[in-house]
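To keep things clear, I will list the structure first and then write my remarks on it.
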Amino acid sequence: MKYLQLTKEQFEELHEEFAVFLAAQSIDVKEWETIKKEKPELADKELNIFSDFVWEKVLNKAGYLEHFSSDTLNLFRCSDSGMDRIVVKIKKEGFNFLDQNDFNWFLDNSKDSRIEYLKGNKAYKKERNTEIFELIQQGSVVSNGELFEGILKIISK
């Protein structure tokens, strides 16, 4: 398995896609129930293959990631060859990016001298999707990139 098996809830959300996946392998509902009961290791293998398939689709489309912690905001733009990163740190007593009021303060005061912006980029050392998946495992979420691009405009002026 290349990534991580989907959770029960994720499989439930994707039940139609999973049914199509099984049908493509000539496995109908009755046969799937038999496999689950009589060959659990084969069922697990099919779940793993489907999970990797879903993850590949998600990771191929992932263009931006965001990771919020209390004191740091990490934003990533993922291209085919590498990743651009913006790190935002706030030197303000008690500031917390996870607090909506503090985050709104940041958005309204993006030029404040207590805000530190760091920007960099790197080529992938591993396969693109593997690196993106590792960031997701560490708490990043796929985003639409609005925050990354907005901050990039601020720091590029």
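Quick note: the coordinates plus some simple rules give every number you see, no bench work behind them. Computed from a prediction, not measured in an experiment: that's the story for all the values here. Methodologically, a virtual Cβ is constructed for each residue, glycine included, from the backbone with ideal geometry; neighbour enumeration extends over all protein chains shown.
Does V87 count as more than 30 Å from D112 (Cβ to Cβ) and without any contact (Cβ under 8 Å) to a residue 60 or more places away in the chain?
no
Under the condition of being closer than 26 Å to E134 by Cα and surrounded by fewer than 11 Cβ atoms within 10 Å (Cβ to Cβ), which residue from the stretch 1-40 is nearest to the chain's Cα centre (by Cα)?
T7
Of the residues that sit in the stretch 72-92 and are farther than 20 Å from N144 by Cβ and among the hydroxyl-bearing types (S, T, Y), which one is surrounded by the fewest Cβ atoms within 10 Å (Cβ to Cβ)?
S81
I'd like to verify a number: residues in the stretch 62-76 that are over 10 Å from the mean Cα position of the chain (by Cα) and either among the aliphatic types (A, V, I, L, M) or over 26 Å from N101 (Cα atoms) (or both), how many?
2
Out of all the residues in the stretch 48-56, is one or more over 30 Å from F95 (Cβ atoms), of a type in the set (S, T, Y) and touching a Leu at 6+ places or on another chain (Cβ under 8 Å)?
Yes, because at least one residue in the stretch 48-56 is over 30 Å from F95 (Cβ atoms), of a type in the set (S, T, Y) and touching a Leu at 6+ places or on another chain (Cβ under 8 Å).
Restricting the search to the stretch 76-89, which residues are over 20 Å from G139 (Cα atoms) and not acidic (D, E)?
S81
State whether one or more residues within the stretch 107-130 are exposed (fewer than 11 other Cβ atoms within 10 Å of the Cβ), basic (K, R), free of Cβ contacts under 8 Å to residues at least 40 places away in the same chain and under 30 Å from E16 (Cα atoms).
No, because not a single residue in the stretch 107-130 is exposed (fewer than 11 other Cβ atoms within 10 Å of the Cβ), basic (K, R), free of Cβ contacts under 8 Å to residues at least 40 places away in the same chain and under 30 Å from E16 (Cα atoms).
Can you pull out every residue in the stretch 118-153 that is under 18 Å from L98 (Cα atoms) and among the small types (G, A, S)?
Across the stretch 118-153, the qualifying residues are G139, S140, S143.
Give the residue, chosen from G139, G145, G150, that is on the phi > 0 side of the Ramachandran plot and either surrounded by fewer than 17 Cβ atoms within 10 Å (Cβ to Cβ) or of a type in the set (A, V, I, L, M) (or both).
G139
F95 is checked against (1) among the hydrophobic types (A, V, I, L, M, F, W, C); (2) surrounded by fewer than 12 Cβ atoms within 10 Å (Cβ to Cβ); (3) out of contact with any strand residue (DSSP E or B) (no Cβ under 9 Å at 6 or more places or on another chain) and fails just one. What number does that condition carry?
(2)
Checking K119 against (1) out of contact with any helix residue (DSSP H, G or I) (no Cβ under 7 Å at 6 or more places or on another chain); (2) farther than 13 Å from F68 by Cα; (3) charged (D, E, K, R), which single condition isn't satisfied?
The number of the failed condition is (1).
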